[in-house]
Amino acid sequence: MRIVVATRNRGKLEELAVMLGPLGVDVRSLEDYPHVPEVVEDGKTFAENAVKKAREVAGATGEIALADDSGLEVDCLGGAPGVHSARFAGEGKDDRANNEKLIRLMEGVPREKRGACFKCVVALAVPEGRVYTAEGACRGIIGDKPRGNGGFGYDPLFIVPDLGKTFAELDMDVKNAVSHRGKAFARAREIIAGLAAGREGR
Ligand code: ITT
């Protein structure tokens, strides 16, 4: 079975490719389908955006598509940046600018009020039209300065309390074991197995 991972975010793609690896599927990326147009993410929820991305990429490629819509919800910012996480500091998807903005907005906020939650919805769409979703969340604390060189996005600011480390200080397999994406994917794995069984039976 072939799956196109419907993301243009390199960090996400790496994590998802590692999770898909053991399932024995033929993993493709959008680099293999350069004609696929950019999907406009105008949904109000992670689920709406994930479904839209998966559906459009499945339609444009004729393959099963897996999309991830994710983001960081910060308690003291009323859930911002949420679905706007990629463009928090403006267009251009600049992780450093996004992190700087978050640090600035949270200056002086005490530790007990620095809670946040990463959320992820994984959507799987088949070209014939059906779409399946799986969700995952991971709670943590927003640090006052970046730590670590791994991962992407807000990872250097997101501290996992139980581990005392930011996502950017963890090896990818440790991050994947506890992260919002890892949890969503653990649920998506069953959907993928079901799709694979269905395709074999044709
Ligand atoms: P695609 O839509 O092409 O997949 P994107 O980066 O635009 O790429 P989203 O709209 O889902 O994807 O935005 C997700 C943003 O949330 C991402 O750019 C990061 O800023 C943040 N984010 C999500 N998961 C993260 C993670 O595991 N670690 C750090 N930041 C993360």
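The values are calculated or read from the model by the stated rules, or taken from the named source; none is laboratory data. Remember, it's a predicted structure, so these values are computed and weren't measured experimentally. For neighbour counting, all protein chains shown are included, and Cβ atoms are generated from backbone atoms with ideal geometry for every residue, glycine included. With ligands, DNA and RNA removed, areas are computed over all heavy atoms of the protein, side chains included. Shrake-Rupley method; radii C 1.70, N 1.55, O 1.52, S 1.80 Å.
What nm value, rounded to one decimal, do you get for the distance between residue 196 and residue 105 when each label is placed 7 Å out toward the C-beta?
Those two pseudo-labels are separated by 4.0 nm.
Using only the Cα atoms of the chain, build the gyration tensor, take square roots of its eigenvalues as a ≥ b ≥ c, and label the shape rounded, prolate or oblate: rounded if a/c is under 1.5, else prolate if a/b is larger than b/c, else oblate.
prolate
Just to confirm the number: angle between the C-alpha axis of helix 10-20 and the first principal axis of the chain, 0 to 90 degrees, nearest 10?
50
Using the charge dipole of the chain (Lys, Arg: +1 at Cβ; Asp, Glu: -1 at Cβ; taken about the Cα centre), state which of 196, 43, 77 has its Cα farthest towards the positive end.
Final value for the positive-end residue is 77.
What number, rounded to the nearest 500 deg cm²/dmol, is the helix-based mean residue ellipticity at 222 nm of the chain, given -39500 (n - 2.57) per DSSP H run of at least four residues and division by all its residues?
Estimated from H runs of four or more residues: -10500 deg cm²/dmol.
Taking every pair of alpha-carbon atoms in the stretch 108-202, what share in percent sits in each 5 Å bin, from 0 to the bin with the longest distance?
All Cα pairs, binned at 5 Å, distribute as 3, 13, 20, 19, 13, 11, 9, 7, 4, 2, 1, 0 percent.
Just to be sure I follow the rule: in the stretch 21-159, considering lysines 8 or more places apart or on different chains, how many pairs have Cα atoms under 30 Å apart?
Total qualifying Lys-Lys pairs in the stretch 21-159 comes to 22.
Would you kindly derive the ³J(HN,Hα) couplings of the stretch 172-188 from the backbone phi angles with the Karplus curve 6.51 cos²θ - 1.76 cosθ + 1.60 (θ = phi - 60°), listing them in order in whole Hz, with x for Gly and Pro?
Taking θ as phi minus 60°, the curve returns 4, 5, 6, 4, 4, 6, 10, 6, 3, 5, x, 5, 4, 5, 4, 6, 5 Hz for the stretch 172-188.
Angle between the Cα long axis of helix 46-61 and the longest principal axis of the chain, 0 to 90 degrees, nearest 10?
Computed tilt is about 40 degrees.
What does the charge dipole of the stretch 85-179 about its Cα centre add up to, to the nearest 20 debye, if the Cβ of each Lys and Arg holds +1 and the Cβ of each Asp and Glu holds -1?
280
At what distance in angstrom do the alpha carbon centres of the stretch 113-135 and the stretch 19-36 lie from each other?
18
What's the angle, to the nearest 10 degrees (0 to 90), between helix 95-105's Cα axis and the longest principal axis of the chain?
On a 0 to 90 degree scale, this one is about 40.
Report the one residue of 138, 64, 103 whose Cα lies farthest in the direction of the positive end of the charge dipole of the chain (charges on C-beta: Lys and Arg +1, Asp and Glu -1; origin at the Cα centre).
138
Where only protein heavy atoms count, and the probe is 1.4 Å, what is the accessible area per residue for the stretch 1-152 in Å²?
50
With charges only on Cβ, +1 for K and R and -1 for D and E, what is the dipole size of the chain about its Cα centre, in debye, rounded to 20?
With Lys and Arg at +1 and Asp and Glu at -1, about 260 debye.
Roughly speaking, to the nearest percent, how much of the chain's 1.4 Å accessible area is carbon and sulfur?
Carbon plus sulfur share of accessible area: 49 percent.
Check each of the GluC sites (Glu not before Pro) in the stretch 89-162 and keep only those in coil by DSSP with at most 12 other C-beta atoms within 10 angstrom; list them in order.
Those satisfying the criteria are 91, 107, 128.
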